[in-house]
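The structure under discussion appears below in the form of C-alpha cells.
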Amino acid sequence: MAKINENFLELQESYLFSTVAKKVAKYTEENPSKKIIKLGIGDVTKPIAKACIEALHKAVDEIGTSSGFKGYGPEQGYDFLRKAIVENDYKSRGIEISEDEIFVSDGAKCDCGNIVDIFSKNNKVAITDPVYPVYLDTNVMSGRSGKYNKEKGIYENIVYLPVTAENNFIPEIPKEKVDMIYLCFPNNPTGTTLSKEELKKWVDYAKQNKAIILYDAAYEAFITEEDIPHTIYEIEGAKDVAIEFKSFSKTAGFTGVRCAYVVVPKQLMAYTEEGKAETLNKLWNRRTCTKFNGVSYIVQRAAEATYTPEGKKQIKENINYYMENAKIIKQGLETAGFTVYGGVNSPYIWLKVPEGITSWEFFDKLLEEVNVVGTPGSGFGPHGEGYFRLTAFGTKENTIEAIERIKNWKI
Ligand code: PLP
C-alpha cells in the first residue's frame, strides 16, 4: 500500500490566488459587460526588453548549428551568466561573491521551496506575517510546521513575526530561539523595506544563534531610496549566515521565460544533530545536481543580456514605468483618504481597509462596486487581516482608471 506524505493534509485548503480567480470568474460571468481592472496578482505586463529578445534570437540560431548546439548544460548554470551575476549584482557593490556560490535556476519560487530539502525537520522556522505564502506552505509540506490551529489561524511549530503598522513593518527579534528565518525585502505583500541597521540586527541574531537567514530579494531592483540594502551581503557578516534568492522575473519581465538564482556562500555552515558543521554550498550543489538539469542555454543568454548597457537601460525604463504606477496608486489612495504603505521601494501598495470590515469583505466591495481586483491581506497570513494589496504591474492607463474609480467611490 502506497502511503502519502501526510504533511500535505496539514496544508490549508485554498490557495489565495485561486480563490481570487474564482470570485472574479463568477462576477465576470454574472456581469459580462463590466470592465474589470486587475491589480491583484504580481505578474508583470511590459514586454521583455529588446536586448534580451535579441540575445534569445541569437542563442536560438546558435543551437541550430552543429558548432553551436548545446545539450545538457551545467546544473549550476553557465559560467557566462554566473560571472555576469557576480560582476553586476555583487562586485559592483563592493561585495565578494564567487561564481561557484551562484546557482542559476528556473525561478525563485522553486528555490525558496526547494531549499528546505537541505535542512533538518527539527529546525524551528520563523516567518514574517503576512508573508509570500511559499515559505510557509513548503515548510508545512516538509513537516516543520506542526499542526494547524484553526482558531488562531496559525501552525503550532512556526514562529510568526508580525509586520504591521504597529511595529512600522519591522519584524521584532523573537524571544525564543529559531534556526531558519525567512526575510523578504522589499517585502511582498507589504511593499516595505528594512534599513541596513535593522537588517544587521537579524544578521547578528543569526550569528549568535547559529541560525540561517533565507533572504528573498526578488524585488531588489525596485528600490529607489538610499540606505536600503539591495542584497543582504551588504551587511557585515551576512555571508556567514544568509542564503539569498534573486529572480529575473520582476526585474526583467521573466515571469514566463523563467530564470533566477540562489547565492549560497561557501563559508555558510549548518550543523548535524551531533553539532558537526557542514557547508551548505556543498549540500545545495549536491541537491541541484541530483534533482535539476539546469536552465536552458537560450534563457541564460537572455538573462545575461539584462547586464549589458542596453539591457540595463531598457530594464530600468520598465521598472520606472511600474514605479510611476506605484506613485499613482499611492498618491491616489491617499487623496481618497486611505492609509497606505509601500509603493516607494516596491511595486506593492499595502493599504489599510476601512474600520469594521475584513480584507475579504473589502475585496468583494471593491470588485462589485468599482470593478477593481486586488488581494486581501488576510490571504498572506493572520496579521495581513485589515490590509489589502494592490500591485503596480498593470498598464498605466488601467492603473489611472482604477484609481480614479476608487477616488470617486462612496465606500
Ligand atoms: N519571491 C517573492 C517574494 C515573490 O513575490 C515571487 C513572485 O511573485 C517569487 C519569489 C517568485 O519568483 P519567480 O518568478 O522567480 O519564481
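Assorted remarks:
- Cβ-Cβ distances below 6 Å connect no pair with a first residue in the range 240-255 that is farther than 16 Å from I223 by Cβ and charged (D, E, K, R), a second residue that is within 12 Å of the ligand (Cβ to nearest atom) and open to solvent by less than 20 Å² (accessible area, probe 1.4 Å), and a separation of six or more residues or different chains.
- Top-ranked residue of the range 252-287 - restricted to ones that are within 16 Å of the ligand (Cβ to nearest atom) and surrounded by fewer than 22 Cβ atoms within 10 Å (Cβ to Cβ), ranked as farthest from E101 (Cα to Cα): G256
- Residue check: I115 meets all listed conditions (1) surrounded by fewer than 20 Cβ atoms within 10 Å (Cβ to Cβ); (2) within 15 Å of the ligand (Cβ to nearest atom) but one, namely (1).
- Residue match in the range 208-219 (condition: in a helix (DSSP H, G or I), touching a helix residue (DSSP H, G or I) at 6+ places or on another chain (Cβ under 8 Å) and assigned by TED's automatic domain parsing to the domain that holds A126): no
- Here I173 clears all of (1) part of a loop (DSSP other than H, G, I, E, B); (2) of a type in the set (V, I, T); (3) crowded, with 23+ Cβ neighbours inside 10 Å except the condition numbered (3).
- Selection count where residues are over 21 Å from T164 (Cβ atoms) and under 20 Å from the mean Cα position of the chain (by Cα), scope the range 192-212: 3
- Scanning the range 109-152 for residues that are among the charged types (D, E, K, R) and in a helix (DSSP H, G or I) turns up K109, D111, D117, D137.
- Of residues in the range 118-148 being in contact (Cβ under 8 Å) with a residue 60 or more places away in the chain, under 25 Å from K282 (Cα atoms) and of a type in the set (S, T, Y), the one least open to solvent (accessible area, probe 1.4 Å): Y135
The values are calculated or read from the model by the stated rules, or taken from the named source; none is laboratory data. Note that the coordinates shown come from a computational prediction; the quantities given were computed from them, not determined experimentally. FYI the Cβ positions are ideal-geometry reconstructions off the backbone, even for glycines, and counts take in every protein chain you see. Just the protein is used for accessible areas: all its heavy atoms, side chains included, with ligands, DNA and RNA removed. Shrake-Rupley method; radii C 1.70, N 1.55, O 1.52, S 1.80 Å.
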